[in-house]
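What follows is a single structure, written as structure tokens, with notes after it.
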Amino acid sequence: MKLVIIDGNALVHRAYHALPPLTTKKGELVNAVYGFLLVFLKTLKELKPDYITACFDFPAPSFRQKKFAGYKAKRVKAPEDLYAQIPKIKEILKSFNVSIFEKQEFEADDLIATIAKEAQEQFRQLAEPEIEIYILTGDLDALQLVNKNVKVYTLGKGIKETVIYDEEKVKERFGILPKQVVDFKALAGDPSDNIPGAAGIGKKRAAELLQEYGSVDELYKTIEKGEAWDLKPKVKELLLDYKDQVFLSYDLAKARMDAPVDFNLEKCQWKDYNKEKMIELLKEYNFYSLTERLP
């Protein structure tokens, strides 16, 4: 059994920036809508999910901004014509009978993490021996959720290439396990989200520290016991100087698994939809070529 969880905002951003401006006969910009649909239909064809749902960021600051005012502060705000396309994408998803989740103060990543956790439990209650959960996204924040049942189905170059990250693929590319991804960001930081990390501890050293000590907790416990003999004095000094910042970064990077979502697997079953109505909707946006790709 397969569940696909769509990271709505991440996919919208990738589609918008990957495609040139595309307008309808009425002059409405729809490049993000078109790109989103291309990826969505490709996913349906390749993965053939039994269940599907989508998560979006709530259009207001999350609890992370309350914890750290600098969170995402350096990120350039996307153009308004990108945000104007999100309601159109939600309309299309609803026409496909895809349930949509968004919650005030939470980001899509938190909803995805919560749903992935809940879904695994609900699959077990159904006594499903073979379960696969795919997170469809335009970035790699969800790699922290990868396990034997959860994979990340993400975009390569542009929106045509796709890559599936399982546990081995994460380790092969980053030299760490999925469960260490949050620790990695806590140490190395993440400029895209303005997560500070420890100054002077780059990606290479962060990976090496985690290979040696396993986690941020174990790293600091070892240092404080005076047993981190392999650490160079300068590295140890940096880690101690930025300890509070490292643990703040950990909290910022970690996707919450307790978001208040009422998730029911059966309500997310991928089922029949009104194909004729969908064709009319696609024609309204002048997406004539996509009508032939509908499942």
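The values are calculated or read from the model by the stated rules, or taken from the named source; none is laboratory data. Computed from a predicted structure; not experimentally measured. Cβ: placed from backbone, ideal geometry, glycine included. Neighbour counts: every protein chain shown.
Since residue 17 meets every condition but one in (1) without any contact (Cβ under 8 Å) to a residue 12 or more places away in the chain; (2) more than 19 Å from residue 77 (Cα to Cα); (3) in a helix (DSSP H, G or I), which condition does it not meet?
With respect to (1) without any contact (Cβ under 8 Å) to a residue 12 or more places away in the chain; (2) more than 19 Å from residue 77 (Cα to Cα); (3) in a helix (DSSP H, G or I), residue 17 is out only on (2).
Take the range 5-14 and flag every residue that is crowded, with 19+ Cβ neighbours inside 10 Å and part of a helix (DSSP H, G or I).
Within the range 5-14, 8, 9, 10, 11, 12, 14 meet the criteria.
Scan the range 20-41 for residues that are more than 18 Å from the chain's Cα centre (by Cα) and either assigned to a helix (DSSP H, G or I) or among the charged types (D, E, K, R) (or both) and jot them down.
25, 26, 28, 31, 33, 34, 38, 41 - these are the residues of the range 20-41 that are more than 18 Å from the chain's Cα centre (by Cα) and either assigned to a helix (DSSP H, G or I) or among the charged types (D, E, K, R) (or both).
Quick one: is residue 250 surrounded by 15 or more Cβ atoms within 10 Å (Cβ to Cβ), touching a Lys or Arg at 6+ places or on another chain (Cβ under 9 Å) and aromatic (Phe, Trp, Tyr)?
Judged against the criteria, residue 250 is a match.
Residues that are within 27 Å of the chain's Cα centre (by Cα) and small (Gly, Ala, Ser): find the helices (runs of 4 or more DSSP H) completely inside the range 214-295 holding 3 or more of those.
Answer list for the range 214-295: none.
Name the residue, out of 226, 197, that is surrounded by 14 or more Cβ atoms within 10 Å (Cβ to Cβ) and either farther than 27 Å from residue 166 by Cα or at pLDDT 95 or above (or both).
197
Residue by residue, here is whether (1) surrounded by fewer than 14 Cβ atoms within 10 Å (Cβ to Cβ); (2) under 24 Å from residue 281 (Cβ atoms); (3) among the aliphatic types (A, V, I, L, M) holds:
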{"position": "58", "(1), (2), (3)": "no, no, no"}
{"position": "66", "(1), (2), (3)": "yes, no, no"}
{"position": "82", "(1), (2), (3)": "no, yes, yes"}
{"position": "96", "(1), (2), (3)": "no, yes, no"}
{"position": "100", "(1), (2), (3)": "no, yes, yes"}
{"position": "104", "(1), (2), (3)": "yes, no, no"}
{"position": "117", "(1), (2), (3)": "no, no, no"}
{"position": "123", "(1), (2), (3)": "no, no, no"}
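Looking only at the range 62-87, count how many residues are without any contact (Cβ under 8 Å) to a residue 40 or more places away in the chain and either closer than 24 Å to residue 249 by Cα or among the hydroxyl-bearing types (Ser, Thr, Tyr) (or both).
6
Counting only residues that are in contact (Cβ under 8 Å) with a residue 24 or more places away in the chain and farther than 29 Å from residue 40 by Cβ, how many does the range 153-178 have?
2
Just checking, does the range 35-46 include any residue being surrounded by fewer than 19 Cβ atoms within 10 Å (Cβ to Cβ) and either over 17 Å from residue 291 (Cα atoms) or not assigned by TED's automatic domain parsing to the domain that holds residue 116 (or both)?
Looking for residues that are surrounded by fewer than 19 Cβ atoms within 10 Å (Cβ to Cβ) and either over 17 Å from residue 291 (Cα atoms) or not assigned by TED's automatic domain parsing to the domain that holds residue 116 (or both), one finds at least one in the range 35-46, hence yes.
Please specify each residue of the range 20-32 satisfying the condition of being crowded, with 17+ Cβ neighbours inside 10 Å and in contact (Cβ under 8 Å) with a residue 60 or more places away in the chain.
Passing the criteria: only 30.
Of the residues 179, 160, only one is surrounded by fewer than 21 Cβ atoms within 10 Å (Cβ to Cβ), within 25 Å of residue 4 (Cβ to Cβ) and at pLDDT below 95; which?
The unique qualifying residue is 160.
Within the range 202-211, identify whether any single residue is part of a loop (DSSP other than H, G, I, E, B) and out of contact with any helix residue (DSSP H, G or I) (no Cβ under 8 Å at 6 or more places or on another chain), and answer yes or no.
No, because not a single residue in the range 202-211 is part of a loop (DSSP other than H, G, I, E, B) and out of contact with any helix residue (DSSP H, G or I) (no Cβ under 8 Å at 6 or more places or on another chain).
Test residue 241 against the stated conditions and say whether it is more than 17 Å from residue 253 (Cβ to Cβ), out of contact with any helix residue (DSSP H, G or I) (no Cβ under 6 Å at 6 or more places or on another chain), at pLDDT 95 or above and surrounded by fewer than 23 Cβ atoms within 10 Å (Cβ to Cβ).
Against the criterion (more than 17 Å from residue 253 (Cβ to Cβ), out of contact with any helix residue (DSSP H, G or I) (no Cβ under 6 Å at 6 or more places or on another chain), at pLDDT 95 or above and surrounded by fewer than 23 Cβ atoms within 10 Å (Cβ to Cβ)), residue 241 qualifies.
Please find, among 210, 187, the residue that is closer than 16 Å to residue 231 by Cα and in contact with a Phe, Trp or Tyr (Cβ under 8 Å, 6 or more places away or on another chain).
Testing whether each residue is closer than 16 Å to residue 231 by Cα and in contact with a Phe, Trp or Tyr (Cβ under 8 Å, 6 or more places away or on another chain) leaves just 210.
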